[in-house]
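The values are calculated or read from the model by the stated rules, or taken from the named source; none is laboratory data. Quantities reported herein were computed from a predicted structural model and do not represent experimental measurements. Please note: Cβ atoms are built from the backbone with ideal geometry, for glycine as well, and neighbour counts cover all protein chains shown.
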Amino acid sequence: MEKRGKKEKKFISLVVYLHDAAAYLKYFLDTVIPVCEENFEQFEVVCVDDACQDGTVEILREYVENRRVSAMVNVVHMSFFHGLESAMNAGRDIAIGDFVFEFDDIFVDYEPCVMMEVYARLLEGKDIVAASSKGKQRITSRLFYALYNRTSRGNGKIGPETFRLVSRRAINRIKSMGQYIPYRKAVYMNCGLKADTIFYDSKDSKVRVKNKTVASERSSLAVDSFIYFTNVLERLSAIICIAFLLITVCMGIYLVSNIFNSTKPVEGWLSTMGFLALGFFGVFALLTIILKYLAVLLNLVFKQQRYLVADIEKVIKS
């Protein structure tokens, strides 16, 4: 993308998730900070320190001092390790920009111009625009997105994202839906506003498969997402319930048919199997009802704030 003649007047926030990411931090900042300085009059960087233990925050302070970054740089220190979603919710709530870049990780496999391509697409009338690599995905990721999109309660489809840009209108919309956002990607795609994705050629087509930082915490988040946003457990319970109902009906038919012929099954076998099938049918029918009630209760849980911030540090160059 060609460089703009005039700097944009919109205030931009960069919300960056940090958890033991010292090895990648300088390169990440060297990539994104110049883009913002060249294209925006004002911007801020909100770094969320999610219990870093490897000197990540110290490297950040040193970088701001030596690089003399002109933007406001705030560090949100979480009280303890919260995980990606809760920590990024805290950073998003503190950000004040008209538009907010969300970097769930700081592993850079894209050209700097991709940031401005995302910004330009947002100005075309979108409220959420994500950047996604054309590179390979893990098999587990492909299976997760396929199953999620098939069983999701909403119409929006999700996929792998490297980072995203969100308008203030979208942020206000999802805040009105509940203070606690358990999986931002899913909420953004189902909030009713226009969303889009830009696909870029990764510097290494296999980098997202090899990168361990991207895969951290994904397993537990995947399970939570299925519970919060899909009806996969309800469907599974209903399918098992129907299966045992069919078995019960078949046992009944078999019992009636044996009354009119000379074949005598083992004594007590039919009554035992029929009782077990009917019993399991009742158990899974009850489980289906319980899962429906839990889905309603989960909506109430969304209303609660689910993170604790220990301190907000303003990093200022000397």
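Could you tell me how many of the residues in the stretch 9-54 are in a strand (DSSP E or B) and either outside the structural domain of M72 (by TED's automatic domain parsing) or within 26 Å of the chain's Cα centre (by Cα) (or both)?
14
Which members of the stretch 239-271 meet the condition of being among the small types (G, A, S) and either surrounded by 11 or more Cβ atoms within 10 Å (Cβ to Cβ) or at pLDDT below 70 (or both)? I'd like the intermediate steps shown before the answer.
The first filter runs over the stretch 239-271 and keeps only residues among the small types (G, A, S), leaving 243, 252, 257, 262, 268, 271.
Hits for the stretch 239-271 are A243, G252, S262, G268, S271.
Exactly one of (1) in contact with a helix residue (DSSP H, G or I) (Cβ under 6 Å, 6 or more places away or on another chain); (2) closer than 26 Å to R168 by Cβ is unmet by D54. Its number?
(2)
Here is a check on your reading of the model: is S141 polar (S, T, N, Q) and either touching a helix residue (DSSP H, G or I) at 6+ places or on another chain (Cβ under 6 Å) or at positive phi (or both)? Don't jump to the end; show me each part of the working.
Values: polar (S, T, N, Q): yes; either touching a helix residue (DSSP H, G or I) at 6+ places or on another chain (Cβ under 6 Å) or at positive phi (or both): no.
When the stated conditions are applied, S141 does not pass them.
From (1) farther than 17 Å from V45 by Cα; (2) out of contact with any strand residue (DSSP E or B) (no Cβ under 7 Å at 6 or more places or on another chain); (3) modelled with pLDDT under 85, pick out the condition that doesn't hold for S70.
Going through the list (1) farther than 17 Å from V45 by Cα; (2) out of contact with any strand residue (DSSP E or B) (no Cβ under 7 Å at 6 or more places or on another chain); (3) modelled with pLDDT under 85, S70 breaks only (1).
Looking at the stretch 131-143, which of the residues that are surrounded by fewer than 16 Cβ atoms within 10 Å (Cβ to Cβ) and part of a helix (DSSP H, G or I) is farthest from the chain's Cα centre (by Cα)?
By that ranking, first place goes to I139.
Kindly check whether there is at least one residue in the stretch 110-130 that is part of a loop (DSSP other than H, G, I, E, B), surrounded by fewer than 21 Cβ atoms within 10 Å (Cβ to Cβ) and touching a helix residue (DSSP H, G or I) at 6+ places or on another chain (Cβ under 7 Å).
Yes: one or more hits.
Restricting attention to the stretch 55-98, report how many residues are charged (D, E, K, R), over 28 Å from the mean Cα position of the chain (by Cα) and outside any helix (DSSP H, G or I).
Matching residues across the stretch 55-98 total 1.
Going by the structure shown, is S13 out of contact with any Lys or Arg (no Cβ under 6 Å at 6 or more places or on another chain) and buried (at least 16 other Cβ atoms within 10 Å of the Cβ)?
The answer is yes for S13.
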